[in-house]
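Read through the structure below, which is laid out as C-alpha cells, and then see the notes.
The values are calculated or read from the model by the stated rules, or taken from the named source; none is laboratory data. Since this is a predicted model, take the numbers as computed values, not measurements. All Cβ positions, glycine included, derive from the backbone under ideal geometry; neighbour counts span all protein chains shown.
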C-alpha cells in the first residue's frame, strides 16, 4: 500500500486501494483498561500490529509534532494534577491564565473543561504570552531514518505542523464559544494573536521544506459547524500561503477535517490541499459518502476517510460495515482516495473489522 500511497500523492493512479487507519485511540483505551499489549503503544509495536491487521501504518503520535513552543525567562508554566483533572497555568508579566482538562475514564480520553482564554483580559495575557514565545522545529532530525524503518512495514510516518493560527486559537486556547465571541467583539486583538502565530510558524515551515517529507499534516481538527463562517476572513489566505510555500518545496499537504463536512470540504479543496483527511460521512456525519466527491468540487483532491469510527462498535454489525465500504469504494472510484476511518477506531471497537476491510479491498 505504501507505493500506492506515494503514487496518490504524486497525482498518479495507484496500483491498489490504500487502507490507512488511526487505531491509536483503540490501543490507548485498551491498554488503559488492561485489555491489550502495552507494546502496541510503542512505535515498533504499532508497526507490527498494523501489519497483522492488514492496514498501511501512518498514524503514530510519539514523534508527530514538527514543532514545540519555547518561552523566554519571563514566562512561568505550572502544571498540576489532582485525580482526573490537570491544570496548566501560564504566568506572564501581564498576569496569568489557566486551563483545565478532565480525563473521562468511561471513554478513556481527556477533554478541556475550562479554557484559558475566556474574556478580553485573558486575550491580553495571551498576546503577552505569544510575544515571549517561539516555535522550535522538533522530531525532524531522525525523520529520514524513521521513513526507512516504516518502509519495511509498508508504511509512512505522519508528521504534523503546528496547528494553523485560528484553529490553534480555538482548540488550544479559547474554545468555540469564547473564541467566536472574542473574534466578533475584539477582532483587532484576535487578529494580532493570529499574526504572531503566523510569524512564529516560519522557521518550522522552512525546516520542513528543507526536510521534504512526502506528506505533512495540518492537524487543525476542523469542523464545518464551528469554523465555516470564519474561513474567508481568517483562514483561507493563511492556508494558501502555507500551501504555496510547502508545494514549492515539493511537500504534499493534508488537513484534518474530523467534524461536519458540508461547509469546509469545498473550501479546503479550493485553497489547494492535496488531501482532506478523516472525512466522516453519514450515519455519523452530515453528508452521504456518495455525495462527498461532488461536494468537494475538485477532481484531484484526495478524499481520505469515509468509514465512521462509531461503525466499529455496537450496535453496528460487520454486514453493515461491509455494505458501507462497498458503497464507498463504488462512489469514490472515479477520483483519488484513501480508505480510512473518520476519525478513529474507538476503544470499544472491533479490530477484526479492520482485518475484514483489508481482506475486502484485496478481493
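Residue 282 passes all but one of (1) assigned to a loop (DSSP other than H, G, I, E, B); (2) surrounded by 21 or more Cβ atoms within 10 Å (Cβ to Cβ); which number fails?
Among (1) assigned to a loop (DSSP other than H, G, I, E, B); (2) surrounded by 21 or more Cβ atoms within 10 Å (Cβ to Cβ), the lone unmet condition for residue 282 is (2).
Find the residue count for the stretch 24-36, including only residues that are within 18 Å of residue 355 (Cα to Cα) and in contact with a helix residue (DSSP H, G or I) (Cβ under 7 Å, 6 or more places away or on another chain). Let's see the steps before the verdict.
Here is the first cut: in the stretch 24-36, the ones within 18 Å of residue 355 (Cα to Cα) are 24-27, 30, 36.
With in contact with a helix residue (DSSP H, G or I) (Cβ under 7 Å, 6 or more places away or on another chain) added as a condition, the list becomes 27, 36.
Looking only at that region, the number is 2.
Just to check your reading of the model, which residue among 30, 35 is at pLDDT below 95, buried (at least 18 other Cβ atoms within 10 Å of the Cβ) and within 18 Å of residue 349 (Cα to Cα)?
Numbers: 35 fails: buried (at least 18 other Cβ atoms within 10 Å of the Cβ).
Criteria check complete, one pass: 30.
Determine whether residue 341 is crowded, with 21+ Cβ neighbours inside 10 Å and touching a strand residue (DSSP E or B) at 6+ places or on another chain (Cβ under 7 Å).
yes
When both residues are 6+ apart or on different chains and their Cβ atoms are under 8 Å apart, which pairs have a first residue that lies in the stretch 150-172 and is closer than 19 Å to residue 9 by Cα, and a second that is modelled with pLDDT under 95?
none
Counting only residues that are under 18 Å from residue 236 (Cβ atoms) and in contact with a helix residue (DSSP H, G or I) (Cβ under 6 Å, 6 or more places away or on another chain), which one in the stretch 248-260 is surrounded by the fewest Cβ atoms within 10 Å (Cβ to Cβ)?
Per the criteria, the residue is 253.
Only one residue in 210, 192 is modelled with pLDDT of 95 or more, out of contact with any helix residue (DSSP H, G or I) (no Cβ under 9 Å at 6 or more places or on another chain) and either assigned by TED's automatic domain parsing to the domain that holds residue 52 or crowded, with 22+ Cβ neighbours inside 10 Å (or both). Which one? Can you show your working first?
Working: 192 fails: out of contact with any helix residue (DSSP H, G or I) (no Cβ under 9 Å at 6 or more places or on another chain).
Answer to the check: 210.
So which residues in the stretch 163-191 are within 16 Å of residue 237 (Cβ to Cβ) and over 20 Å from the mean Cα position of the chain (by Cα), if there are any at all?
Residues satisfying the conditions are 183, 187, 190, 191.
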